[in-house]
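The values are calculated or read from the model by the stated rules, or taken from the named source; none is laboratory data. Nothing here was measured: the structure is a model prediction, and the numbers come from that model. Cβ: placed from backbone, ideal geometry, glycine included. Neighbour counts: every protein chain shown.
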Amino acid sequence: MIKHNQKIPTQPEQRDKFDKLYRKTEIEIERLEKQIEARLPKGRNLSDQQWLNTLITASQNVPKDENEAKLLQKYLLTESNPFTNR
C-alpha cells in the first residue's frame with residue numbers, strides 16, 4: 001500500500017520487475033557504502049606505540065646498513081614523536 005499511495009492496487013505485482021528493482025537498489029547501496037568507506041579519514045596513531053617500538057628497536061639493535069639507519073632516523077624524527085611540540 002505504501003508504494004501505491006495508500007491504495008490497494010488493482011493489478012497484481014510483477015515479481016521479476018520487483019526483483020530487478022530490488023537488486024538494482026542493492027547494488028547502489030553497495031556502491032555508496034564503498035564510496036563512504038573510501039572517504040573515511042585514516043587518522044593517526046594517537047598512542048605513539050609504533051614510535052616507541054621503533055625507538056626500542058633503534059636503541060637495542062645495530063642497523064644492518066645505512067639505509068636501515070636512515071629509515072629508523074627518518075621515522076623517529078617525524079611529527080609522530082610524542083616529545084615534540086604538536
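List of remarks:
- Contact annotation: residue pairs with Cβ atoms under 9 Å, 6 or more positions apart or on different chains, pairing a residue in the stretch 23-47 that is within 23 Å of THR78 (Cα to Cα) with a partner that is modelled with pLDDT of 70 or more and surrounded by 10 or more Cβ atoms within 10 Å (Cβ to Cβ), are ASN45/TRP51.
- Lone qualifier among PRO41, PRO9, PRO63 - being at negative phi and modelled with pLDDT of 80 or more: PRO63
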